[in-house]
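See structure below.
Laboratory data are not the source of any read-out in this text; all were calculated from the coordinates shown. What you see is a predicted model, and the numbers here were worked out from it, not measured in a lab. Note: ideal-geometry Cβ built from the backbone for every residue, glycine included; neighbour counts use all protein chains shown.
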Amino acid sequence: MPRPSELALPHIAALHAYTPGLQPTDAGWVKLNTNECPYPPSPRVAEALRREIGEDGTALRLYPNPRSSALREVVANLHGLKAENVCIGNGSDDVLNLLVRVFASPNAGYTFPSYSLYPVLVAIHHGGIEAIDFDRSMKLPIDKIAASPAPIFFLTSPNAPTGVAFSPEEIEEVLKRYRGILVVDEAYALFARKDAVPLLSRYPNLVITRTLSKAYALAGIRIGYVLAAAETIDLLDRVRDSYNTSRLSQIAAIAALQDGEYYSTIVEKIKTTRDFYIEEWRRKFGWFVYQSEANFIFVEPKTAKGEAGPAVARAAFEFFNQHKVLVRYFPSHALTASFLRISVGTDDEMLVVDETFQAWRKNA
Ligand code: PMP
């Protein structure tokens, strides 16, 4: 009998899967490795879920609305668009996958470093992917993106793992010249000064993806969405699973999106904490820190002697692990290997991070 991997599609048998950040099951970790929100979601979310489940969960017998229609309306209103400009997914990973299904043949493009799921999704669909590298300045390589022959290009803004955001003017420059679909992945846009939504009405080749996993504190609920021209949304709906989001996810997302007041308070708090520590580590330690517009900080730790580099970052990462502080380290590329990415936590969590850096630096 042939083995399953011999029967599988050859490109799947050879695939390197995406590695998600660790989700530890033991207690006691300060968990700042996957850019989740450190604060709970709006209290309206739990209320709405309780109402839907009721005494005995009888509503759960029934399939959800296949188009997430009510949620599409809420998202459209939020952005001043029509429901025909919105598609909902099981997290933004799901909508990114739909975009790949529709457009990424024979290939796609993305900037590097950015979200490492894009090349995996493209590889699953047997496409090729062209990476356009940033340099250390992290300035957007507009000319190179504009000249890309790929039918779809993924741009993350604010970018991950740097937190650097690209201005609407820069994005517009790409949109004017690039001849494919430009996906601007705005997973972190609520923490940024500006976003690309106002460009949608003028550029039918612009697609924006958003998630409720970060600013809305609902990573466990799995809701993301696409904003795009109605024609693009129609194409995405053709390749979507018919029930791609659950009843409870739709209910939770609607409750969250209708509580803008609650979320503006926690988003402001996260931005204040972020800006405080960026300045603090620059001033106190003399370290290089990118100007983040996301809910994480990409920092290049230096020893007390002033040494930086991959070995230093790895040592700091291991020291953090030993002290049960979970952050993210990306060793596989020169542009990221000297840095740690730290999700912005509560004040107490950030104090632990700050003290851990000080303790590490003393002995490094
Ligand atoms: N885009 C970017 C840039 C991200 O960092 C993430 C989270 N890892 C996602 C999309 C996926 O988010 P979701 O939880 O909505 O699938």
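Residues to consider are S42, S105, S114; find the one that is within 16 Å of the ligand (Cβ to nearest atom), hydroxyl-bearing (S, T, Y) and touching a residue at least 40 places away in the same chain (Cβ under 8 Å).
Numbers: S42 fails: within 16 Å of the ligand (Cβ to nearest atom); S105 fails: within 16 Å of the ligand (Cβ to nearest atom).
Residue meeting the stated conditions: S114.
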Q | Tally of residues being among the polar types (S, T, N, Q), within 29 Å of the chain's Cα centre (by Cα) and not in a loop (DSSP other than H, G, I, E, B) across the stretch 1-31 | A | 0
Q) Which residue pairs have Cβ atoms closer than 8 Å, lie 6 or more positions apart in sequence or on different chains, and pair a first residue in the stretch 69-95 that is farther than 9 Å from I223 by Cα and free of Cβ contacts under 8 Å to residues at least 40 places away in the same chain with a second residue that is outside any helix (DSSP H, G or I) and away from the ligand (no atom under 16 Å from the Cβ)? A) A76/K82
**Q.** Selected residue [under 16 Å from P161 (Cα atoms), of a type in the set (A, V, I, L, M, F, W, C) and out of contact with any strand residue (DSSP E or B) (no Cβ under 7 Å at 6 or more places or on another chain)] from A304, A334, A359
**A.** A334
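Can you tell me how many residues within the stretch 321-364 are aromatic (F, W, Y) and either surrounded by fewer than 21 Cβ atoms within 10 Å (Cβ to Cβ) or within 23 Å of the chain's Cα centre (by Cα) (or both)?
Of the stretch 321-364, the ones aromatic (F, W, Y) are 329-330, 339, 357, 360.
With the extra rule that they be either surrounded by fewer than 21 Cβ atoms within 10 Å (Cβ to Cβ) or within 23 Å of the chain's Cα centre (by Cα) (or both), the set shrinks to 329-330, 339.
Qualifying residue count, the stretch 321-364: 3.
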Q: Could you tell me whether any residue of the stretch 10-26 is surrounded by 11 or more Cβ atoms within 10 Å (Cβ to Cβ) and in contact with a Cys (Cβ under 8 Å, 6 or more places away or on another chain)?
A: no
Q: All but one of (1) farther than 27 Å from F166 by Cα; (2) of a type in the set (A, V, I, L, M); (3) out of contact with any Leu (no Cβ under 9 Å at 6 or more places or on another chain); (4) buried (at least 19 other Cβ atoms within 10 Å of the Cβ) hold for I278, so report the exception by its number.
A: (1)
**Q.** Members of the stretch 126-154 that are surrounded by fewer than 24 Cβ atoms within 10 Å (Cβ to Cβ), under 18 Å from R101 (Cα atoms) and in contact with a Phe, Trp or Tyr (Cβ under 7 Å, 6 or more places away or on another chain)
**A.** I129, P151
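Counting only residues that are charged (D, E, K, R), in a loop (DSSP other than H, G, I, E, B) and within 16 Å of the ligand (Cβ to nearest atom), which one in the stretch 198-230 is nearest to G91 (Cα to Cα)? Give the derivation first.
The first filter runs over the stretch 198-230 and keeps only residues charged (D, E, K, R), leaving 202, 210, 214, 222.
In the following step, the residues that additionally are in a loop (DSSP other than H, G, I, E, B) were identified as 202, 214, 222.
When the remaining residues are screened for being within 16 Å of the ligand (Cβ to nearest atom), the result is 214, 222.
Numbers: K214: 11, R222: 4 Å.
Filtering the stretch 198-230 for residues that are charged (D, E, K, R), in a loop (DSSP other than H, G, I, E, B) and within 16 Å of the ligand (Cβ to nearest atom), the one nearest to G91 (Cα to Cα) comes out as R222.
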Q. Is the stretch 267-283 home to any residue that is part of a loop (DSSP other than H, G, I, E, B) and out of contact with any Pro (no Cβ under 9 Å at 6 or more places or on another chain)?
A. no
Q) Of (1) under 22 Å from V164 (Cα atoms); (2) assigned to a helix (DSSP H, G or I), Q291 satisfies all except one. Which? A) (2)
